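**Student:** Okay, here's the structure, questions in a sec.
The values are calculated or read from the model by the stated rules, or taken from the named source; none is laboratory data. Quantities reported herein were computed from a predicted structural model and do not represent experimental measurements. Cβ: placed from backbone, ideal geometry, glycine included. Neighbour counts: every protein chain shown. Heads up: the accessible areas ignore ligands, DNA and RNA and are worked out on the full protein's heavy atoms, side chains in. Shrake-Rupley method; radii C 1.70, N 1.55, O 1.52, S 1.80 Å.
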4 protein chains.
Amino acid sequence: MVIVLKDSANKKQIEELMEWLTRFDVKSNLVEGVHSKIIGLIGDTTAVDIESVQAKEIVDTVKRVQEPYKNANRRFHPLDTVIDVRGRKLGGDRLQVIAGPCSVETEEQTIKTAIAVKEAGATMLRGGAFKPRTSPYAFQGLGKEGIDILKKARSETGLPIVTEIMDVSDIDLFDDVDIIQVGARNSQNFTLLKALGRLNKPILLKRGLSGTLQELLMSAEYIMSEGNSQVILCERGIRTYETATRNTLDLASVPLLKQKTHLPVTVDPSHATGIASLVEPCSLGAVAMGCHALEIEVHIDPEHAWSDGAQSLTPEKFKAVMNKIRAMAEFCGRPVDAD
Amino acid sequence: MVIVLKDSANKKQIEELMEWLTRFDVKSNLVEGVHSKIIGLIGDTTAVDIESVQAKEIVDTVKRVQEPYKNANRRFHPLDTVIDVRGRKLGGDRLQVIAGPCSVETEEQTIKTAIAVKEAGATMLRGGAFKPRTSPYAFQGLGKEGIDILKKARSETGLPIVTEIMDVSDIDLFDDVDIIQVGARNSQNFTLLKALGRLNKPILLKRGLSGTLQELLMSAEYIMSEGNSQVILCERGIRTYETATRNTLDLASVPLLKQKTHLPVTVDPSHATGIASLVEPCSLGAVAMGCHALEIEVHIDPEHAWSDGAQSLTPEKFKAVMNKIRAMAEFCGRPVDAD
Amino acid sequence: MVIVLKDSANKKQIEELMEWLTRFDVKSNLVEGVHSKIIGLIGDTTAVDIESVQAKEIVDTVKRVQEPYKNANRRFHPLDTVIDVRGRKLGGDRLQVIAGPCSVETEEQTIKTAIAVKEAGATMLRGGAFKPRTSPYAFQGLGKEGIDILKKARSETGLPIVTEIMDVSDIDLFDDVDIIQVGARNSQNFTLLKALGRLNKPILLKRGLSGTLQELLMSAEYIMSEGNSQVILCERGIRTYETATRNTLDLASVPLLKQKTHLPVTVDPSHATGIASLVEPCSLGAVAMGCHALEIEVHIDPEHAWSDGAQSLTPEKFKAVMNKIRAMAEFCGRPVDAD
Amino acid sequence: MVIVLKDSANKKQIEELMEWLTRFDVKSNLVEGVHSKIIGLIGDTTAVDIESVQAKEIVDTVKRVQEPYKNANRRFHPLDTVIDVRGRKLGGDRLQVIAGPCSVETEEQTIKTAIAVKEAGATMLRGGAFKPRTSPYAFQGLGKEGIDILKKARSETGLPIVTEIMDVSDIDLFDDVDIIQVGARNSQNFTLLKALGRLNKPILLKRGLSGTLQELLMSAEYIMSEGNSQVILCERGIRTYETATRNTLDLASVPLLKQKTHLPVTVDPSHATGIASLVEPCSLGAVAMGCHALEIEVHIDPEHAWSDGAQSLTPEKFKAVMNKIRAMAEFCGRPVDAD
C-alpha cells in the first residue's frame, strides 16, 4: 500500500501517522523528496482499511498494491480449484455446458427441455425458480414448486441442477440443489454471500450488473472466508453505454480472472447479449479464451417463454450450437464432459 | 407499446400475433407499408410482458411508449407525496437535512455527533448499523447494538433516525426506526423491497450503483405495489468511467424524477463524490435543483472514522455548510425545516 | 510517481531500472519489504513517460502521484485566470451567459434570436456554422456563410460571438470570431488543439463524450503548451448507461475543476440533457455550484430548428429562465454581467 | 420511424404534423387510442431528421425503426465486401494479421520488427508515424519520416503497410500507404472522414473510445457516401467503469457487426486490453468469433518502446501467438493468408 502525503504534512504529523499504522502489523517506510512525501506499507495489508487511512488529514491519496483478497488469490493458491458436482468436474480439463430454460414454467416444459439439452450434449441443467424481475407485475417464478420440478428433471435425465437463490430466508429450499446460483443483482448481497459461505455446496457467483472483477473476487472472498471454497465465477456481461446488446460481454475477463484466481470461470452468453443469434459465436469465443463452463438458455418454445424468450435457443438450434461447441472445445484441449 | 415486425412476417403470422395479444386486454393496430409493418398497442400496457412479445419469431423490436410503473407515476398521481416522519414533512415545502456518521461506532461518537448536527440545524439523524462493505475483512457495523445506540441518540436530540437494512431477516429490528434506508447494492433486492412494502413506514430507496431512473422507479413500484406508498427516492451517484470522484452525481435526475413521479427526492452528496470538499457545492446545487432532502455524512473525528472518513465532514465544517444550505434553501423557497 | 516492482525483480534488475530512471532528472527511492518492493520517484515527473516505465519487465504497476499538467495546474498558478472577451470578463466575478441557436440557419433566424437573447440578458451569442453531425445525411451547417451571419448579429447587438471549429484547415475563417469553440468530438483532436494554441484568442474547450477531467485538463495543456493560455473549460455531460437524458451532466466537475485548475469553467445544460425542461434547473444548479458561464440553446422557433430543437428554449422561455438565473447568480455573489 | 404524440395533441396539430412530414417523401399512418396516439412513418426514413421531429410541440418521443445507414447496410448489400490490399484480400476467406510497433521509432527498430513479424507469419505491417497522445509532453511520432521508414520496411518485406492519419492536412503524405487508419479519437472527425471518402484507398476505421456500433457504422457511412467503399471496421475496446483492463473489449460486436454490415471487421486486442498477456487469448477469441483480421502490437524491445510497451509482444512471443492463431484460424475455416 502506498500513501501519498500532502505537501503540508509536517514531521510530527507524519510520525503520528506512522505510529498509528503500526496497529495493522505492517512496516512503514517514508520516502521524502522536495515536492512530495510517500509512505510505503510493506507486509500483509489485506486488513488495512484503506478508507480510514484516506481520511487522515495529511493523506493525499492511498493506493493499494496488493490484492485485497486472499482465499481467492492465485498467488497463494497456485493450483486450479476443481469442483465436483455429482461426479462432474468444474474447473478441470473438461468443459461443462449448463443449459435449460430461463424460468421453470411447468413440469412438462422443464422436463422436455431437460431431455432435449441432455440429448444435445449439455452436462448440467439450469432453470430459474426464483426470478428477479425489474417489474413487480412480471412473472416472479414458481418458487419451491420450481425447485421440485427441477429435481424431477434431474431424476429423469441425471443432469445436476443449477438454480438461483434470491434471499437467505429461502436457503433451506436449496438443500438438494447441486449448484446454487447468485444472480447479478445479488452479487453484493453480503448477508446472502456469508450464509452461502457456511454451506458445503458449489456456488455459481455472477458478476454484478456493473461489478468490477475485483468486486467479483471480493464477493467470492465473502463466501470463502466463511469456509466454503466451492465458488464458480460467472461473466455475464456488464452495463455500458452500448445498447446494441443487452449488456457488454467482457470476454477478456476470462483469461484475466484465470490469472488472478484459481477458481473456475464460466460465461453466460445468453444474458450477456440478450440476442439468440449471438449465443453461438460468443460461446465459441468463450471456449477459445479458456472458460471452464458455459451457461446457455434453451426453451422448447421460446415464443411462449414466460421470460427472456428473445435470447433463448430452441432445442434444435441448441443442438447445432452444441456441435460447434463440442468441436471447438475438443480443439482447445478442454473437451465437453461426457458420461 | 410499438411492435416492429420483421420484413418476412406474413399475413397469417401477423393475425396470430394480434390474436395472441388480445390476452393483455389491449387494442392492436396494424400499420403496413412497403418496407415495414408496425403494430401499435393501445390501452394499459403495464402488464404486457415486453420480453414475451420480443421472443415472437416475426417480431423485430418492441418499444414501450408508456412508463411501466403506475403507483409511482405522476401521470396518475399529480400531487406531491408528503411523508410525515415524527411530525417532520418530507416531500413538501420544507427541506430536510439528514446528517450523521456513516457507521454507528460507539454510543459516545453517535450521541456527540447527533447533538452536534442538531445544533448545526440538521433535522434528522443518519447512521449505519448494518454496513455493506466490499471486503469481508472490513468493519461490518454493530448491528442491533447500533440501532439501540441510534434510538438513544434520538432520545437525546429528538431527531428522527434513518438507518439501513441489509436483509429481510433483520426486519423486526427496524420496528422503531423512523425511516428504513435501502442501500444502492440492495436497490434491486426484490424480496427485501416486497417485505418493506408490507410495512407502514417510510422507506428511503437509494438508486443502484448503475441503476437507471426507470429501474429506481420500478423498485419504488415494488414497495408501493405491496401497499406502502411512503417511498423516498435518493440520488447517490452512479458508476461511470470517471474516477476523479467516487461516483458521478447525476443531479439532473432531481428535476427529471420530479417530473416523472410524485415521490420525494433526496440527494446524498457524500457517497456520490467521496470527497469532503465537494459536499458543500453539491449540496447547494441539489437544493437549487429542487431536492426535498439532503443526506450528509458527519463524524466528530473523521480521521478516526471506521468507514468513509474521507467524505465525512467535521461538526465544524458541517455547521458552515449548513449555514450556506440554510440560506440557499430559503432563497429557493423551500427553507430548512425547523422546530 | 510510484513504481511497484514484481516479486521476481532481483537486485541487478532494480539497479538497472534506477539507473535508467536517472534520464528523467528525478530522484528514485527504493522501499524494500518481505513481499513487495516499491520505487518512489521524487521531483518533476511530468515528463516521465508512464508507459515506457510500465513496459519494463520487472515493473508490476506504476501510479502517478502528481498531475501530469503544469500550465493548467492551480498548484503552480493559484490565481484564477480571467479572460477578456471584448471587454466582458470570463472567469472573474461576473457570470457570462452565452445563448443562441444550435445552428446558424438563416440571417433572419440568427439576428432575431440574437436580439431576443440580448434583450433577455444574455451576454454573448453562440451559434454553429460548422456542425458535427452523426449522419452524413443531416444538415452540416452553413460554414463560412454562417460565420458571416454571426458577425452581422454581433454588429446588430454588440454581443461577442462563440462558434465551433471542426478542422485546422478552416482556422482562417475564425480570425474575427471572439471565442473559438472545440466540440466534444474534437476534444482530443491534438492537431487542432496545437494549432489553436498558436493563436491569441479565447478557446472554449468542451469535455469529450467520455472524457475524464484529467483528459480535459491535458487537452487544455495542449493548447497552453503552445502559448495560448486563454482556455475556457466546458462541462457538457458525459456518456453513461443512463438513457433518460442524452448525456449525464457531471455537475460535481465544476467545483472539482475549480480546485484543480485556475481556468474558467462553463456548463452547457442544453447538450448535456437534451431536454428543454431541464435547462432551467440545471442552469440554476450550475450557478449554485460556482460555474463562470453558461451556454444555452435558444431558437426563435424550436419546432422548425434544423438541429437540436428538442433541447432549445424559445426566446420567451429563455427570458423566464434568465430571470431565475439572474436572481440565483446575484444570490451566489457572481451576478450576471451587464453593460 | 415511430412518432409517439403527447396526450394533449389535438386533431388540428396532428394534421399539421402529418402535412409537414410529407416533405420527407414518407407515408404517415396515425394509430389512435384512448390513451395514446402514434404515427408510423413508412418508406425510406434515412433522410428524416429525427431531431427536427422530436422538437415538435406535440411529439413525445420518436423512435427510429430502420437503420440510418444505407451504403454500409447489409440489408441492401448482402454480399461481403472484400478489399484488395496489394493482392491480399481483407474481408474474404483468409485471415489477415496486421502486426508491428505502436510507434515507428527508428529505421532499425521498424525494419527489424517488420522482418520478425513477417517471419512469424504476419501478413501486413502496422506502425504509427503520427501518434495521438494524451499528453503534449509525450512522444508525438516521427511524422513524414515515420511513413518513409514504413515504406522501406515494406520494400524489405513485401508487407503492405497500415498507418494512422491524424489530420486532413497530412493526407498527401499517405498517398503511397496501403491502408490508412483512423484512430479512436478521430472516429467522429467528420471532416477527415469525408476527405478519406474521396480517396480510392482502404480505410481502417476504429471504433470511438465510447462509440456505439451504430455510430461506427455512421462514420463508415460518411466515408462511403463520398464514394470510397473500402472501409474496414475495427473493434478496439470501449471505455467502461472497469479498470482491470485499459478498455473493455466488446467481442460480441464482431458477429453483430457482421450481421448488420457487409464490411470487414477487425479486432485490436493490444489496445483493447493494454496487457501483453491477454493478447493471445483475445486474439483466439476474436478469430473464433469470426473476425477478418487482427491488429497486434509487436516491438523488438518492448522495455524500450517509446509508447505502449506494456501491451506489446516481443517477436518471440508474437511467434508463439501466431502459431496458435494459425491453428485456430485453420480450424475456424478462415486460415491465415499466406504468400
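**Student:** If you scale each eigenvalue of the Cα gyration tensor by 5 and take the root, what three semi-axes come out for region B:85-161, rounded to whole angstrom and sorted largest first? It would help to have the intermediate numbers written out before the result.
**Tutor:** Working: eigenvalues 111, 40, 22 Å².
Ellipsoid semi-axes (Å, largest first): 24, 14, 10.
**Student:** Still on this structure, I have one more. Over 28 Å between Cα atoms, which of A:K112/D:K260; B:K112/B:K324; C:K131/D:K131 qualify?
**Tutor:** Going by Cα-Cα distance, A:K112/D:K260 fall outside the 28 Å limit.
**Student:** For C:K6, go through the aspartates and glutamates and keep the ones whose alpha-carbon is under 17 Å away, minus same-chain ones fewer than eight residues off.
**Tutor:** Partners found: A:D44, A:E67, C:E15, C:E16, C:E32, C:E51, C:E57, C:D60, D:E303.
**Student:** Now for a separate question. Counting only heavy atoms of protein chains, what accessible area per residue, in Å², does chain A have with a probe of 1.4 Å?
**Tutor:** 33 Å²
**Student:** Applying the Karplus parametrisation 6.51 cos²θ - 1.76 cosθ + 1.60 with θ = phi - 60° to the phi angles of region D:124-136, what ³J(HN,Hα) value in whole Hz is obtained for each residue in order, glycine and proline being reported as x?
**Tutor:** Result, ordered by residue: 8, 10, 10, x, x, 9, 10, 10, x, 10, 4, 9, x Hz.
**Student:** Of all DSSP beta bridges in chain D, what percent run antiparallel (nearest 5)?
**Tutor:** Around 40 percent of the beta bridges assigned by DSSP in chain D are antiparallel ones.
**Student:** About the Cα centre of the protein assembly as shown, how large is the charge dipole given +1 on each Lys and Arg Cβ and -1 on each Asp and Glu Cβ? Please answer in debye to the nearest 20.
**Tutor:** In total the dipole reaches around 0 debye.
**Student:** What is the distance in Å between the Cα centroid of region C:280-339 and that of region D:18-76?
**Tutor:** That distance is 30 Å.
**Student:** Give me the residues in region D:144-169 whose solvent-accessible area, probe 1.4 Å, is reduced by at least 30 Å² once all protein chains are included instead of the chain isolated.
**Tutor:** With the partner chains in place, region D:144-169 has these residues losing at least 30 Å²: D:M166, D:D167.
**Student:** Once you have all Cα-Cα distances for region D:2-63, histogram them in 10 Å bins from zero and send the whole-percent values.
**Tutor:** 23, 63, 14, 0
**Student:** For region A:207-339, count all C-alpha to C-alpha pairs, find those more than 20 Å apart, and express that count as a whole percent of the total.
**Tutor:** 48 percent
**Student:** Right, something else. If the elastic network links every pair of Cα atoms under 10 Å, which of B:R74, B:R133, B:R94 fluctuates the most in the Gaussian network model of chain B?
**Tutor:** In this elastic network of chain B, the residue with the biggest mean-square fluctuation among B:R74, B:R133, B:R94 is B:R133.
**Student:** Measure nothing fancy, just the Cα-based angle from helix B:315-331's long axis to the longest principal axis of chain B, in degrees from 0 to 90, nearest 10.
**Tutor:** With both axes taken from Cα atoms, the answer is about 50 degrees.
**Student:** Measuring nothing but label to label, 7 Å from Cα along Cα→Cβ, what are D:K11's distances to the other copies in nm, shortest first?
**Tutor:** The projected label point of D:K11 is separated from its counterparts by 3.2, 9.1, 9.7 nm.
**Student:** List the aspartates and glutamates whose Cα sits under 16 Å from the Cα of D:K151, skipping any in the same chain fewer than 8 residues away.
**Tutor:** D:E105, D:E107, D:E108, D:E164, D:D172, D:D175, D:D176, D:D178
**Student:** Roughly how big is the C-B contact, given as buried accessible area in Å² (both sides, 1.4 Å probe, nearest 100)? Numbers along the way, then the final one.
**Tutor:** Details: alone 15500 and 15490 Å², together 28460 Å².
Chains C and B together bury roughly 2500 Å² of accessible area.
**Student:** About its Cα centre, how strong a charge dipole does chain B have in debye, to the nearest 20, once Lys and Arg get +1 and Asp and Glu get -1 at the Cβ?
**Tutor:** 640 debye
**Student:** If you don't mind, there's one more thing I want to ask. In the neighborhood of D:R126, defined by Cβ-to-Cβ distances under 10 Å, what is the net charge if each Lys or Arg adds +1 and each Asp or Glu adds -1?
**Tutor:** -4
**Student:** Tell me the distances, shortest first, between B:A327 and the same position across the other copies, using label points 7 Å along Cα→Cβ, in nm to one decimal.
**Tutor:** 1.8, 7.3, 7.5
**Student:** How high is the relative contact order of chain A, in percent, with contacts defined as C-alpha pairs under 8 Å that are six or more residues apart?
**Tutor:** 16 percent
**Student:** Output the relative contact order of region D:216-281, whole-number percent, from Cα pairs under 8 angstrom with separation of 6+ residues. List each step's numbers first, then the result.
**Tutor:** On the way: 86 pairs, mean separation 21.2, N = 66.
Reported as a whole number, the value is 32 percent.
**Student:** Still on this structure, I have one more. Can you give the % of DSSP beta bridges in the protein assembly as shown that are antiparallel, to the nearest 5?
**Tutor:** The antiparallel fraction comes to roughly 40 percent.
**Student:** Spelling out what I want: for every residue of region B:153-162, take phi, set θ = phi - 60°, compute 6.51 cos²θ - 1.76 cosθ + 1.60 (Karplus), and round to whole Hz; glycine and proline get x.
**Tutor:** Per residue, the Karplus-derived 3J(HN,Hα) values read 4, 5, 4, 5, 10, x, 6, x, 10, 10 Hz.
**Student:** While we're on this one: Can you sort B:E164, C:E297 by 1.4 Å-probe accessible area, starting with the largest?
**Tutor:** Largest to smallest exposure gives the sequence B:E164, C:E297.
**Student:** Of C:L17, C:L142, C:L294, which has the largest mean-square fluctuation in a 10 Å C-alpha GNM of chain C?
**Tutor:** C:L17
**Student:** Count charges around C:N189 for me, please; just the other residues with Cβ under 11 Å from its Cβ, Lys/Arg as +1, Asp/Glu as -1.
**Tutor:** Summing Lys and Arg as +1 and Asp and Glu as -1 gives +1.
**Student:** Per DSSP H run of at least 4 residues, take -39500 (n - 2.57); add these up for chain D, divide by its residues and hand me the 222 nm value, nearest 500 deg cm²/dmol. Please list the in-between numbers first.
**Tutor:** Numbers: 10 runs with 105 residues, N = 339.
Result for chain D: -9000 deg cm²/dmol, rounded to the nearest 500.
**Student:** Would you rank C:D337, B:D44 by solvent-accessible area, highest first, keeping every protein chain in place and using a 1.4 Å probe?
**Tutor:** Putting C:D337, B:D44 in descending order of accessible area: B:D44, C:D337.
**Student:** So, one more: What is the magnitude of the charge dipole of region D:98-235 about its Cα centre, with +1 placed on the Cβ of each Lys and Arg, -1 on the Cβ of each Asp and Glu, and no other charges, expressed in debye to the nearest 20? All intermediate terms of the calculation are to be shown ahead of the outcome.
**Tutor:** Numbers: 15 positive and 18 negative charges, 46 e Å.
Once rounded to the nearest 20, the dipole reads 220 debye.
**Student:** How large is ³J(HN,Hα), in whole Hz, for each residue of region D:85-96 in order, when computed from phi with the Karplus curve 6.51 cos²θ - 1.76 cosθ + 1.60 and θ = phi - 60°, using x for Gly and Pro?
**Tutor:** With the stated coefficients, region D:85-96 comes to 10, 6, x, 8, 9, 10, x, x, 9, 10, 8, 9 Hz.
**Student:** While we're looking at this one, here's another question. Where the convex hull is taken over the Cα atoms of the protein assembly as shown, what is its projected area averaged over directions, in nm²?
**Tutor:** So the Cα hull casts an average projection of 45.4 nm².
**Student:** Could you sort the residues of region C:1-17 by number and keep only those whose accessible area is reduced by 40 Å² or more in the all-protein-chain setting relative to the chain alone, 1.4 Å probe?
**Tutor:** Hits at the 40 Å² cut-off: C:V2.
**Student:** Also: Going by alpha carbons, how many degrees (0 to 90, nearest 10) lie between the helix axis of B:11-21 and the longest principal axis of chain B?
**Tutor:** With both axes taken from Cα atoms, the answer is about 40 degrees.
**Student:** What's the FRET efficiency of C:A338 with C:E107 using the Cβ-Cβ distance as r and R₀ = 25 Å, to the nearest 0.05?
**Tutor:** Details: r = 27 Å, r/R0 = 1.09.
Computed FRET efficiency for C:A338 and C:E107 comes out at 0.35.
**Student:** While we're on this one: Report Rg(Cα)/(2.2 N^0.38 Å) for chain A, keeping two decimals.
**Tutor:** 1.13
**Student:** Quick one: among C:A327, C:A244, C:A116, which has the greatest mean-square fluctuation in a GNM of chain C with alpha-carbon springs under 10 angstrom?
**Tutor:** Highest fluctuation of the listed residues: C:A244.
**Student:** Another question about this same structure. List the residues, sorted by chain then number, that are 5 or more residues from A:T163 or on another chain and whose placed amide H is less than 5 Å from its amide H.
**Tutor:** A:I179, A:Q181
**Student:** Report, to the nearest 10°, how far helix D:279-288 tilts away from the longest principal axis of the Cα atoms in chain D, using its own Cα long axis and a range of 0 to 90°.
**Tutor:** 50 degrees
**Student:** Also, I was wondering about something else. Is there a simple number for the mean count of other chain Cβ atoms within 10 Å of the Cβ of residues in B:204-212, and what is it?
**Tutor:** 4
**Student:** Can I ask one more? For the protein assembly as shown, which whole percent of the accessible surface, found with a 1.4 angstrom probe, sits on carbon and sulfur atoms?
**Tutor:** 48 percent
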